[in-house]
C-alpha cells in the first residue's frame, strides 16, 4: 500500500504542476492506473473487497452446500457442519476439486445474510419485562443453585430482583407481588418469554392459552400481557440483560447468607443503589426517569392477591397429602377426605371444606416426608404398640423431662405405662410444650407422676389455684401412719428434759 505522502506528491504533480498522468507514472515508477486512483482519492482508500461472486468452480455445488446448511438448522448447534467438513463431503461424495477458501467464503456469506437486524426502540413509561435467572450461592451454610425473579421497567431501567429456592408457580406469583409493592403500582403491560408457568399452549397467530394461575394473576392486577417469539430472547432484551447484570454485580463473589430473607435484603439494597446510576446515552439518572414510570403505573388493588399454587387431592391411608413429589401430614380424622393444597414459597397449607387443617414448612427436596407428630397421637393411642416404631415420632425433639417421664411410667405401671405416656403426649394437642414440660417436672418432684396429675397441675396453673390430688390414685407413694397423742407420753418427755 502506498503512503499518504506519495499520494500528495503524485496529486500535486498532476493537479497543480499540470503534468500528464503518463509522465508522472514514469517519473515515480508507478502504473498509470495507480496514478489515476491517486488522483481520485486524497489518501489510500485501503483494500476494497470486490462484490461477492460465486466461483465458477463452486457454482455447480452451491445447491448441495445450501441443502447441508438448511439441514443444519434442525440439529443441535454443536453438531452443525463447519466449512472444512462441508469441503470434505464435497470432495468425497461429489468429486469437488476446488480449494477451501472459496467454500469458506461462501459459507460465511450465507451465515452473514441470515444474521438478524434490529430496530432501535424508544420505550414509553409504565411498561415492564419479566424473566428468571439462576445462580449459585451459600444459603444456610450449604451451596445451592437458586433462581431469581427479575423485573425491568423499560423506560427508566429501574429493576427489581428477588431470589427463590426454585422457579415454580408460587415463586413467579410472589415475585410479581413483591415487585409491584416495591414500585408502588402495576405496569400497564409486561413482556414475558413463553415460560410454562404462564403459557399452557402456544396457539396460532401469536395467541397463547394461559395457565390458570397466570390468568388469575392478570385478572387481579389487570395488566396487559405480551409474549416474545419462541426461542427469541432478544424480544425482551432489557430483562435478558438484567439477568446477566444481576448475576455479575449482585451475586459475585458467591453470596453467603443465613437464609433467603437475608439474601433478598442484599438484592433489594443493590436494586435501590442502582437507581443512582446514569446510563450511557441518558442525561438523567434511573431514579429521575423512574418518576415518570411510577406516574404511568396503575394503582394497586385494595385487596391483595393470594400468591399460591393450588392443587386438589385426597388424603392417603397414612394421613399424608402429596404435593410436588413430597408428602405432608394432616390429622388422622381427615383420612381419605378431599382436600385443597396451597403451595406458597415458604409454606404449604392444607384445607378441608374451607378450614385450614395443617400448615407445614415448604420442602424443596424430592420424595421427602414432612410430619407433624401431633397429627398421629390419637391413632397411636389406639395402637400403642406402634409408639416406638412410628415414623412421625422418630425425629421429634422433646425435652429430657419427657424421656424421664416415659421411663418412670414404664417402671411403675408396666405395659399400662406406655398408654399413660401417650396420653401425656396428647396434652401437647391442647397445651404448649413449655406448660407440659414444667408440669411433668413438678409431678416428678412430688412423686405423683401420671396423666391425671400432670393435667391437673396444668389446669391449676392456668386457673391460679392450688392443686388437690387424691393420693389413693398413687399407691406407689409411701404411706404415712399418724398415731394418737397421749398425756402419758408428754409427761415422759418432760421427765427426760428435767
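Restricting 52, 20 to those that are surrounded by 10 or more Cβ atoms within 10 Å (Cβ to Cβ) and either in the same structural domain as residue 97 (by TED's automatic domain parsing) or at pLDDT below 90 (or both) reduces the list to 52.
Screening residue 350 on (1) closer than 19 Å to residue 168 by Cβ; (2) free of Cβ contacts under 8 Å to residues at least 24 places away in the same chain shows it passes everything except condition (2).
Against the numbered list (1) loosely packed, with under 15 Cβ neighbours inside 10 Å; (2) assigned to a helix (DSSP H, G or I); (3) in contact (Cβ under 8 Å) with a residue 40 or more places away in the chain, residue 65 comes up short only at (1).
Every test in (1) within 21 Å of the chain's Cα centre (by Cα); (2) not assigned by TED's automatic domain parsing to the domain that holds residue 333 is passed by residue 221 save one, and that test is (1).
For segment 217-231, the tally of residues that are surrounded by 12 or more Cβ atoms within 10 Å (Cβ to Cβ) and over 21 Å from residue 166 (Cα atoms) stands at 9. Within segment 180-207, if we keep just the residues that are in a strand (DSSP E or B) and surrounded by fewer than 16 Cβ atoms within 10 Å (Cβ to Cβ), the residue that is nearest to the chain's Cα centre (by Cα) turns out to be 200.
Of note, residue 190 does not satisfy the criterion of being assigned by TED's automatic domain parsing to the domain that holds residue 238, on the phi < 0 side of the Ramachandran plot and touching a helix residue (DSSP H, G or I) at 6+ places or on another chain (Cβ under 7 Å).
Can you say whether residue 398 is out of contact with any helix residue (DSSP H, G or I) (no Cβ under 7 Å at 6 or more places or on another chain), in a loop (DSSP other than H, G, I, E, B), surrounded by 11 or more Cβ atoms within 10 Å (Cβ to Cβ) and modelled with pLDDT of 95 or more, as far as the supplied structure shows? Against the criterion (out of contact with any helix residue (DSSP H, G or I) (no Cβ under 7 Å at 6 or more places or on another chain), in a loop (DSSP other than H, G, I, E, B), surrounded by 11 or more Cβ atoms within 10 Å (Cβ to Cβ) and modelled with pLDDT of 95 or more), residue 398 qualifies.
Inspect all residues belonging to segment 148-159 and state whether any of them is within 30 Å of residue 252 (Cα to Cα), modelled with pLDDT of 95 or more, touching a strand residue (DSSP E or B) at 6+ places or on another chain (Cβ under 7 Å) and in a loop (DSSP other than H, G, I, E, B). Checking segment 148-159: not a single residue is within 30 Å of residue 252 (Cα to Cα), modelled with pLDDT of 95 or more, touching a strand residue (DSSP E or B) at 6+ places or on another chain (Cβ under 7 Å) and in a loop (DSSP other than H, G, I, E, B). Restricting attention to segment 401-416, the residues being outside any helix (DSSP H, G or I) and out of contact with any helix residue (DSSP H, G or I) (no Cβ under 9 Å at 6 or more places or on another chain) number 1. Test residue 96 against the stated conditions and say whether it is crowded, with 17+ Cβ neighbours inside 10 Å and assigned to a helix (DSSP H, G or I). For residue 96, the condition - crowded, with 17+ Cβ neighbours inside 10 Å and assigned to a helix (DSSP H, G or I) - is not met.
Would you point out which residue out of 392, 467 is touching a strand residue (DSSP E or B) at 6+ places or on another chain (Cβ under 7 Å) and either at pLDDT 80 or above or buried (at least 17 other Cβ atoms within 10 Å of the Cβ) (or both)? Answer to the check: 392. Among the residues making up segment 417-437, those that are touching a helix residue (DSSP H, G or I) at 6+ places or on another chain (Cβ under 8 Å) and free of Cβ contacts under 8 Å to residues at least 40 places away in the same chain are 417, 418, 419, 420, 421, 424, 427, 431, 435, 436, 437.
Restricting attention to segment 422-463 and to residues that are under 16 Å from residue 407 (Cα atoms) and surrounded by fewer than 15 Cβ atoms within 10 Å (Cβ to Cβ), the residue that is nearest to the chain's Cα centre (by Cα) turns out to be 445.
The values are calculated or read from the model by the stated rules, or taken from the named source; none is laboratory data. On a predicted model such as this, the values are computed, not experimentally measured, just so you know. Cβ atoms come from the backbone with ideal geometry, glycine included; neighbour counts cover every protein chain shown.
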